[in-house]
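A quick write-up on the structure given underneath.
The values are calculated or read from the model by the stated rules, or taken from the named source; none is laboratory data. Keep in mind that this is a model prediction, so the values were computed, not measured. Keep in mind that these areas ignore ligands, DNA and RNA; they rest on the heavy atoms of the full protein, side chains included. Shrake-Rupley method; radii C 1.70, N 1.55, O 1.52, S 1.80 Å.
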Amino acid sequence: MSFRMNSVVHVVTTLAENTANPTNPDQNKDLELGKPDDTIDYMQRAQWLRASVLGANDGLVSVASLMIGVGAASSTMKAMLVSGLAGLIAGACSMAIGEFVSVYAQYDIERTVIEKGNTDDGDENKEPLANPWLAAGASALSFSIGGLLPLLAGAFIKAWGVRLGVVCAVTSLGLAIFGAISALLGGAKPYKGSLRVLIGGWLAMLVTYGILKFFSAVLHVNISSSG
């Protein structure tokens, strides 16, 4: 009898608590799975995140390293600008083609899986197929935006030392910003993303400058120009 009374009291108490604090069934399901209502699916961001923010980082590092490397063998402004412009165009085209081929392979896989009927969900539940054209355009555009920063930074500075310093400073600032954005969009701490990208960019510029300076000294290469 005591056991039955305790059971009845427990049931009544539970019903009272549920009545006082109503919850959504979907919310209960999320709580059971350990997921909050505002859970962000970061995997859905992977494709465009890679093609945009990381493309801008590549543009910054590639163009800045190329300009600094040429600056190690030449003190002229024109040589650095021409090399930076060539790196910008070539890099944007390379990024676009590489991203197009990569994402198109993903598109083919997704289409094959759907055609074979391995996904039995309705059409409304199917994930959209990868878009290689969109990924290629985003990659080329972001690379160009990133590469324009060091290119424009050194466009109007004639003094060789000041030009190199400004290119390095602007590139470092851009890397810190893009690294923080990348980390935030990926759900990580922004300072870790900035530090990681900054160290990588500094190493790339330092190695490029050191190697080009060494070979220019050994081979007695000095790109000269009137401007």
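A few remarks follow.
- Couplings 3J(HN,Hα) of segment 84-101, computed from phi: x, 5, 4, x, 5, 5, 5, x, 4, 5, 5, 5, 5, 5, x, 5, 4, 5 Hz, in residue order, whole Hz [Karplus 6.51 cos²θ - 1.76 cosθ + 1.60, θ = phi - 60°; x for Gly and Pro].
- Additional length obtainable on full extension of the chain from A159 to L195, 0.36 nm per residue less Cα span: 10.0 nm
- Accessible surface computed residue by residue for segment 75-187, with neighbouring protein chains in place and a 1.4 Å probe, gives 55 Å² per residue.
- Gain on full stretching of the segment that runs from N131 to I109 - 0.36 nm per residue minus C-alpha separation: 6.7 nm
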